[in-house]
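First comes the structure, then the notes that go with it.
Derivation of every value follows stated rules applied to the coordinates shown; laboratory data play no part. This one's a predicted model, so the numbers in the text were calculated from it and none came from an experiment. When we count neighbours, we look across all protein chains shown, and the Cβ atoms used for this are built from the backbone with ideal geometry, even at glycine.
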């Protein structure tokens, strides 16, 4: 369940005071709070996809129907998250970097990572705030 900070960030976006959110979290709470422009660097547990044919599924499709195999090809369905050793989605990384470059104001709530790409994004953030 989103907390007061998720709600505040979504309100900034609704009031056109925010270009969006960049997050490493996979919990989907920013979207649940109403943020529309969320770049989820490590994916989200709100979406799933077939490992074979890449058909997309919403969380409700998988959880409510206890769907374990793709109704299109029979392949395994997995959460749309980045597992250790997998590459981050390049279009998401590019959008995140563009948000940092285009922003008038940047706000960071917390940053802990072992992910090299995310550390590079953080360095870009820090340089943009100096």
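Put in order of Cβ neighbour count within 10 Å, fewest first, the listed residues 89, 64, 39 become 64, 89, 39.
Taking every C-alpha pair closer than 8 Å and separated by at least 6 residues, the mean separation divided by the residue count of segment 4-118 gives a relative contact order of 21 percent. For the chain, the mean residue ellipticity at 222 nm estimated from helices alone is -10500 deg cm²/dmol, where every DSSP H run of n ≥ 4 contributes -39500 (n - 2.57) and the total is divided by all residues, rounded to the nearest 500.
Place a label point 7 angstrom from the Cα of residue 63 along the Cα-to-Cβ direction, then list the residues of segment 14-34 whose backbone nitrogen is under 16 Å away. Counting only backbone N, you get 26-34. What percentage of all Cα-Cα pairs in segment 1-70 are separated by more than 17 Å? Above the 17 Å cut-off, segment 1-70 has 49 percent of its Cα pairs. The label point for residue 73 and the one for residue 98, both projected 7 Å from the Cα toward the Cβ, are 2.9 nm apart.
The chain gives an Rg/Rh value of 1.01, both radii derived from C-alpha positions and Rh following Kirkwood.
Between residue 32 and residue 45, the distance separating the two model label sites (each 7 Å from Cα on the Cα→Cβ line) works out to 0.8 nm.
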